[in-house]
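Only the coordinates and a few stated rules stand behind these numbers; no lab work does. Predicted model only: the values in this text are computed from it and were never measured. Every residue, glycine as well, gets a Cβ built from its backbone with ideal geometry; the counts of neighbours run over all protein chains shown.
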Amino acid sequence: MTQYNNRVELRKIKLEEEQLDKDISFIEFTFRKGKWHRQITGYKSGRRVVEYNDKRKKEKVVYE
């Protein structure tokens, strides 16, 4: 059974990193003329997702 200890430990580390990528740190909205223009969602892992209300613009994913 001790042969799998390293694999179990590595999997625990990966699961912790995945959980940080799922946990939301903040959500920020930017308004223009009474309607939301941009939404920025920040995650605890440092990833930020920028979504626009204008469907012609694609969402951006930024890692900091």
Residue pairs qualifying under the 7 Å Cβ cut-off, at least six apart or on distinct chains, with the first in region 28-46 being touching a residue at least 24 places away in the same chain (Cβ under 8 Å) and the second being surrounded by 12 or more Cβ atoms within 10 Å (Cβ to Cβ) and assigned to a strand (DSSP E or B), are Lys44/Ser25
Residues of region 1-56 being surrounded by 13 or more Cβ atoms within 10 Å (Cβ to Cβ) and part of a loop (DSSP other than H, G, I, E, B), in sequence order, are Lys44, Ser45, Asn53
